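The values are calculated or read from the model by the stated rules, or taken from the named source; none is laboratory data. Keep in mind it's a predicted model, so treat the numbers as computed, not measured. Cβ sites come from the backbone with ideal geometry, for glycine too, and all protein chains shown count toward neighbours.
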Amino acid sequence: MDHLLESGNNTASNNFTTSTGLHQLSTIELVIWFILYAVIAFLTVAGNALVIYVFFTSNRLQVVTNFFIVNLAVADLMTGLLAIPFKFQAALLQRWFLPSAMCSVVPFIETVSLSVSVFTLSLSSVDRFRAVVTSGHGTMQQTTAKIWLLLIWIISVAISIPYGVDHRVFKFEDPTSGTNHSGSMCLPLHSEETWWKAYNVYLTIIQYFVPLVIINVVYCIIAYNVWVTPPILNHSDRKFERSKRTVIKMLVMIVVAFTFCWLPYETYLVLNEVWPQVNEYYYINVIFFSAHWLAMSNSCLNPIIYGVYNKKFQREYLRAFYKCFCRDRLLKREWKHESELDLRRSSWGRASRCHFYIFNELGKAVE
């Protein structure tokens with residue numbers, strides 16, 4: 001995110017003067033971008049907080065695949081709370097108005113979040129490969145999954161440390177005011193150093209391009225085994241096979257969304273380091289905002305994908321909704337085990353003032 005701040009100056013960190021060579025956003029454009037970012041920030045925080053809540057309050061969701069999902073949700077929640085609102089205002093206004101300490105925290109958190117997301121997707125694809133392709137192996141045990149997820153966080157933090165320690169708030173002269181130190185920007189201290197450029201290219205490769213090549217190859221093999229050469233099943237196994245395919249579809253959609261949303265932004269990051277002249281293009285700031293908004297929007301898509309492809313998440317979303325908005329108006333029996341939620345007419349009654357549709361396990365609407 002600091003790349004636009006650097007490109008917004010004539011000579012990056014060596015000469016802190018605001019640039020007039022870029023397209024100047026009008027007030028209407030600023031308002032539109034503000035609304036767009038506000039929407040995805042709200043959806044990201046609300047959606048991923050809901051995913052985390054239903055996971056920890058429902059035993060039926062606590063399976064290995066959902067451990068990966070909730071890990072993605074935690075990373076996306078960090079993005080929604082820090083990366084989206086704070087870095088957006090700095091890039092859009094070409095100023096850093098936050099406390100100086102946040103200049104190190106925000107880039108660090110953003111880098112950690114992206115690393116956790118892509119490494120979790122990689123681990124999830126390997127787990128699916130073991131379960132579907134490798135005969136004799138099921139999904140990994142919960143303890144093993146937790147250890148791998150902990151390692152992912154440790155590795156993500158380690159490779160993101162330079163972003164946390166190398167950023168500083170720099171004062172610059174605003175030519176429109178004619179006074180010294182009239183503004184500030186959060187920039188990397190060594191942005192012009194060769195090692196910093198090499199680090200950013202390396203980080204982009206290991207954070208995005210290499211993992212997604214591996215993930216796409218793995219899921220192509222899985223798809224071939226599941227759809228092209230399906231096993232001969234008896235009637236009792238067909239339901240399980242359909243459920244397995246649904247899970248694979250959900251994970252593939254998550255990967256497709258991640259790939260599509262992050263590709264323009266990651267491409268810009270590489271170009272910024274190997275061909276800095278890209279920042280001389282008049283509309284590069286508009287292109288940057290578009291690419292960054294698309295990348296950030298990925299964080300609010302995952303909870304929607306879970307709800308579309310996973311019936312258990314659908315039911316838990318409904319349960320959370322009714323507990324929040326209809327708790328006092330719904331007539332319901334006391335549950336023996338909260339994890340055995342069953343949305344049927346026998347378990348729920350309709351209150352006189354709460355007109356919603358409840359879906360039972362057969363997928364039929366019950367008013």
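Just give me the residues in region 76-132 being modelled with pLDDT under 90 and aromatic (Phe, Trp, Tyr), in sequence order. Of everything in region 76-132, those that are modelled with pLDDT under 90 and aromatic (Phe, Trp, Tyr) turn out to be Phe86, Phe88, Trp96, Phe97, Phe129.
Residue selection: Leu98 satisfies the criterion of being under 21 Å from Leu187 (Cβ atoms) and not in a helix (DSSP H, G or I).
Quick check on Gly164: is it assigned to a helix (DSSP H, G or I) and farther than 30 Å from Ile32 by Cα? In short, yes. Looking across region 222-264 at every residue that is exposed (fewer than 15 other Cβ atoms within 10 Å of the Cβ) and at pLDDT 85 or above, the one that is farthest from Asn66 (Cα to Cα) is identified as Phe260.
Testing Tyr282 on (1) touching a residue at least 60 places away in the same chain (Cβ under 8 Å); (2) part of a helix (DSSP H, G or I), one condition comes back false. Which one is that? That leaves (2) as the condition not met.
Among the residues of region 26-48, those that are buried (at least 17 other Cβ atoms within 10 Å of the Cβ) and of a type outside the set (S, T, N, Q) comprise Trp33, Tyr37, Ile40, Ala41, Leu43, Val45, Gly47. For Ser26, the requirement of being farther than 23 Å from Ser113 by Cα, modelled with pLDDT under 90 and in contact with an Asp or Glu (Cβ under 6 Å, 6 or more places away or on another chain) is not met.
Within region 66-123, the residues that satisfy the criterion of being aromatic (Phe, Trp, Tyr) and out of contact with any Gly (no Cβ under 9 Å at 6 or more places or on another chain) are Phe67, Phe68, Phe86, Phe88, Phe97, Phe119. Please verify whether Arg168 is over 21 Å from Leu203 (Cβ atoms) and more than 19 Å from the chain's Cα centre (by Cα), treating the condition exactly as stated. Criteria not met by Arg168.
Among all positions in region 295-311, there is at least one residue which is more than 23 Å from Leu30 (Cβ to Cβ), touching a residue at least 24 places away in the same chain (Cβ under 8 Å), in the same structural domain as Val39 (by TED's automatic domain parsing) and outside any helix (DSSP H, G or I). All of Ser156, Ser177, Ser182 fail the test of being modelled with pLDDT of 95 or more and of a type in the set (S, T, N, Q), apart from Ser156.
Taken over region 39-51, the criterion of being touching a residue at least 40 places away in the same chain (Cβ under 8 Å) and either of a type in the set (Gly, Ala, Ser) or within 18 Å of Val286 (Cβ to Cβ) (or both) is satisfied by Ile40, Ala41, Gly47.
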